[in-house]
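Step one of this worksheet: look at the structure below.
The values are calculated or read from the model by the stated rules, or taken from the named source; none is laboratory data. Quick caveat, the model's predicted, so the values are computed rather than measured. Glycine gets a Cβ as well: all are built from the backbone with ideal geometry, and neighbour counts include every protein chain shown. The accessibility values were calculated without ligands, DNA or RNA, using every heavy atom of the protein model including side chains. Shrake-Rupley method; radii C 1.70, N 1.55, O 1.52, S 1.80 Å.
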Amino acid sequence: MCGIVGYSGPNNSVGPIIEGLSRLEYRGYDSAGICLKINNELQILKKEGKLENLKELINSQKPFSNIGIGHTRWATHGAVTTDNAHPHGNEIFAVVHNGIIENAGTLKKELQAEGFQFKSQTDSEVFLVLLTKFFKQGNSTLKSISKAFETITGNSAFVIMEKATDKLYALKRSAPLVVGENKDLREAYVSSDPFALVGFAPKIYFPQDGVICEGTVTTCEVNLNFYELDLTPSNRYKFQSNSMSVDATSKGHYEHYMLKEIHEQPALIDKLAAFYIKNEGRKVLNELKGFKCDEWHLTACGTAWHAGLVIKNYFEQINRQRASVDIASEFRYKNPILNKGEVGLFISQSGETADTLACQELCKEKGIPTYSIVNVEGSTLFRNADKNFLIHAGVEIGVASTKAFTLQALTGYLMSRAMEGTLDDSRLFSEIKLLSTRVAELCSQAESIKEVAEKIYTQKGFIFTGRGKYFPIAFEGALKLKEIAYVHAEGYAAGELKHGPIALIDESIVNIAIVGPELLEKTISNVEEVKARRGFIVIVGPKNHPEIEHLADAYIPLDFNGLDNLSPLYVNVALQFLAYHIAKLKGTDIDKPRNLAKSVTVE
Ligand code: M6R
């Protein structure tokens, strides 16, 4: 989704802003812009399309400005046009915005009736106009920001610069925002993502909702001051040193980030097992020993929701504890039944997904403890949770989530084993080691999966099927394929096909059937039903199985032996490769698929 980077300091702001925006490109956007102060005037440069377009415009002018704010926009209100791109500005202020102003329509009409003009169709410009109105009424900049913020509804983050000073202002409500400083270089930074500030701001601060941060750079120092909306000083912010490394973001020798991230999985699986069983992570897992709750409410979106479905099976089958899994955008509006004695478990790579955060908020309001399985330490989900189970996946750049899924599900498995009190069972470590070994084997044999992709990539539709523990993997396999290859793909429980979807089957449809060792005969019967209707059959199943070899038009043989609970994670990696190769053959933008954003920070 949208990205924000701002700078004030003695150097040219263009470099760090463009570098920061490039790092946020993976999140998805459709236009980009920057506001600089040149000859004491606010000058806005913006362009539709890729950041490259903005860079070309900047290079043609070679501007120098000690202060600037930049933005990559993912359109919500108003089409993808240069006018709608951010920053929005006038002769006094310039503003960038992430999120949605829900009452923008009403406010805009009122402001227009008062004679204010608008240059764009965005909700964001409403904030600029409000701010300007309050300022012209004689309020200070801080007061005007606070009044404008109190007038709007919805979840948003804003960064503001003004013509009169070199100050940066930032504030937010349920949207990601981080401010940073480099004391030695006298530089102040602001962003929607700490990753943009790596290598620039060693100290970073996360202001809470409704806290205004004012970054002031003088000839001798940089100061970050925090204020409540009534302009009294605030201590409602969290400090963190920015320890991330920029190297983590290179593609290395891989053609795509997605491919690199799939290949990272064996090492990350081993690392996570060591962290939670042998090292620091053991402490938080030990707290779960013997833990029981009346019901787990698992909530997440997309791939993280699929990981939730896998984890639900662990909690139910291993721990015999009730677990419900909801899509966050449904849970938040369904007036869920939440009682004392239950726990909310929120799963998210980014920790910034708006719907997931809203569910966490809802559980907090109802007095239910909130736990997270999350990748980004310091994210909003992380900061607001009572207990965090980090997945330690490192930065995931590919929009299609791969390694995060595996590590989310594995973390859930470790939680389940911790509740059971079997973390010390030496078989657990070996079992996870076996998973990483099998995934590594898959990585080295991915060429054979490419051959399967070559046979099917031109087909019209794809139905992924699985039973029991593989049912969530059918969903995840289909999601991966549709998001990066832009083909129609659905996941179904294998036994459900004959209740409707089988009507779709003809020779243009591929059935990617996950046939695990459990319920093997029944699953094979389901495949036979598709075959009888001329569907193209791809079986992801146990190796050395003559019946499967005979039945399948294409076969991805896997070694399920000994994997038991972890086999769904293994099968899923095969489907990640399959989706990747189909997308590559189709020539899509694998790392940044159309219409998608890495982190969905609006509802
Ligand atoms: O950051 P989150 O894990 O909360 O994101 C949730 C979904 O938006 C995400 O998993 C999405 O479905 C991915 N593009 C799937 O590959």
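Out of every Cα-Cα pair that segment 176-283 contains, those further apart than 23 angstrom amount to 49 percent. Using the rule -39500 (n - 2.57) for each DSSP H run of four or more residues, divided by the residues of the chain, the 222 nm mean residue ellipticity is -11000 deg cm²/dmol. Residues whose amide H falls under 5 Å from that of Phe464, counting only those 5 or more places apart or on a different chain, are Glu490, Gly491, Tyr492, Ile512, with hydrogens built in the peptide plane. When a 1.4 Å probe is rolled over the protein heavy atoms, the share of accessible surface on segment 3-248 that falls to carbon and sulfur comes to 48 percent. Rg/Rh, computed from the Cα trace of segment 477-603 with Rh as the Kirkwood radius, has the value 0.99.
Simple rule: put +1 on each Lys or Arg Cβ and -1 on each Asp or Glu Cβ in the chain, find the dipole, and look at Ser448, Leu563, Ala513; the Cα lying farthest toward the positive end is Leu563. Dipole of the chain (Lys/Arg Cβ +1, Asp/Glu Cβ -1, origin at the Cα centre): which of Leu504, Asn526, Leu272 lies farthest to the positive side? The listed residue farthest towards the positive side: Leu272.
What FRET efficiency comes out for Thr216 versus Lys334 if R0 is 56 angstrom and r is the Cβ-Cβ distance? Round to the nearest 0.05. Step by step, r from the Cβ atoms, then E = 0.75. The value of relative contact order for segment 251-443, using C-alpha pairs under 8 Å at least six residues apart, is 29 percent. For segment 280-433, the calculated P(r) over all alpha carbon pairs, in 10 Å bins from 0 to the bin holding the longest distance, is 12, 45, 35, 8, 0 percent.
Geometric descriptor of the chain, per residue, is 158 Å³ (volume of the convex hull of the Cα atoms).
Two tests apply to each whole DSSP H helix in the chain, Cα reach of 24 Å or more along its axis and mean Kyte-Doolittle hydropathy of at least 0.0, and the ones passing both are 403-420, 426-444, 567-586.
Secondary structure note: in the chain, about 60% of the DSSP beta bridges are antiparallel. Near Pro87, once Lys and Arg are set to +1 and Asp and Glu to -1 for all other residues with Cβ below 15 Å from its Cβ, the sum equals -1. Spatially, segment 174-198 and segment 274-299 are offset by 32 Å when compared through their Cα centroids. Taking the protein heavy atoms of segment 317-458 in the context of the full set of protein chains, the accessible area attributed to carbon and sulfur is 46 percent at 1.4 Å.
Note that segment 177-286 presents 45 Å² accessible area per residue, ligands and nucleic acids not counted, probe 1.4 Å. Given their separation in residues at 0.36 nm each and the Cα-Cα distance between them, Arg236 and Phe118 gain 39.1 nm when the chain is fully extended. In this simple spin-label approximation, Lys136 and Lys586 carry label points 7 Å from Cα along the Cα→Cβ vector, and these lie 5.0 nm apart.
Rolling a 1.4 Å probe across all protein chains gives Ile502 an accessible area of roughly 30 Å². Here's the picture: charge each Lys and Arg Cβ at +1 and each Asp and Glu Cβ at -1 in the chain, and of Pro369, Thr588, Val95 the one pushed furthest to the positive end of that dipole is Val95. Computed over the alpha carbons of segment 3-248, Rg followed by Dmax gives 16.5, 52 Å. Once you divide the Cα radius of gyration of segment 332-418 by 2.2 N^0.38 Å, the number left is 1.08.
Full extension of the chain between Ala493 and Asp209 gives 98.0 nm of extra length, using 0.36 nm per residue less the Cα-Cα distance.
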